[in-house]
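Have a look at the structure below before the remarks.
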Amino acid sequence: MTEARHQDDPAKRARLRWRSRRGLLENDLILTRFLDAHEATLSDVDVDALTRLLEPTDNDLMALLLGRKEPEGELDLPSVHDLLARLRQV
């Protein structure tokens, strides 16, 4: 049996939204606005990229969102760069 797509599983969608809540209000606002506008159209690749972006500390995430630094190491993936560009437009 194949795993359900993110969009087909309300529990996965709720879990991603919950994980997107951050300690820094600025991060929380950007991520919430992005999800409010795009959650219904996120692909599984987008969800994977967002999940990866939620791993760094709040300060590192803020630096990424504001373009003060670029993804490196395990985050240096085309899907992460693409999603980050979309997040920066919020």
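The values are calculated or read from the model by the stated rules, or taken from the named source; none is laboratory data. These numbers come from a predicted model, not from an experiment. Cβ coordinates were reconstructed from backbone atoms using ideal geometry, including for glycine residues, and neighbour counts include every protein chain displayed.
Before moving on, here are some points about what is shown:
- Test: residue in region 30-42 that is farther than 17 Å from Leu75 by Cβ, in a loop (DSSP other than H, G, I, E, B) and modelled with pLDDT under 95: yes
- Pairs where the first residue, in region 1-17, is farther than 15 Å from Thr32 by Cβ and the second is at pLDDT 65 or above and not hydrophobic (A, V, I, L, M, F, W, C), C-beta under 7 Å, 6+ apart: Arg5/Asp44; His6/Lys12; His6/Arg13; His6/Asp44
- Residue identified as buried (at least 16 other Cβ atoms within 10 Å of the Cβ) and within 10 Å of the chain's Cα centre (by Cα) among Leu50, Leu75: Leu50
- Pick from region 48-71, criterion free of Cβ contacts under 8 Å to residues at least 24 places away in the same chain and of a type in the set (D, E, K, R), ranking: nearest to Leu24 (Cα to Cα): Asp60
- For Val45, the test of being part of a loop (DSSP other than H, G, I, E, B) and in contact (Cβ under 8 Å) with a residue 24 or more places away in the chain is failed.
- Selection count, region 60-76, where residues are more than 18 Å from Gly23 (Cβ to Cβ) and assigned to a helix (DSSP H, G or I): 3
- Output for region 8-47, where each listed residue is among the hydroxyl-bearing types (Ser, Thr, Tyr) and exposed (fewer than 12 other Cβ atoms within 10 Å of the Cβ): Thr41
- Close pairs (8 angstrom Cβ cut-off, 6 or more residues apart or separate chains): β-branched (Val, Ile, Thr) in region 72-90, surrounded by 15 or more Cβ atoms within 10 Å (Cβ to Cβ) and part of a helix (DSSP H, G or I) anywhere: Val80/Ala49; Val80/Arg52; Val80/Leu53; Val90/Ile30; Val90/Phe34
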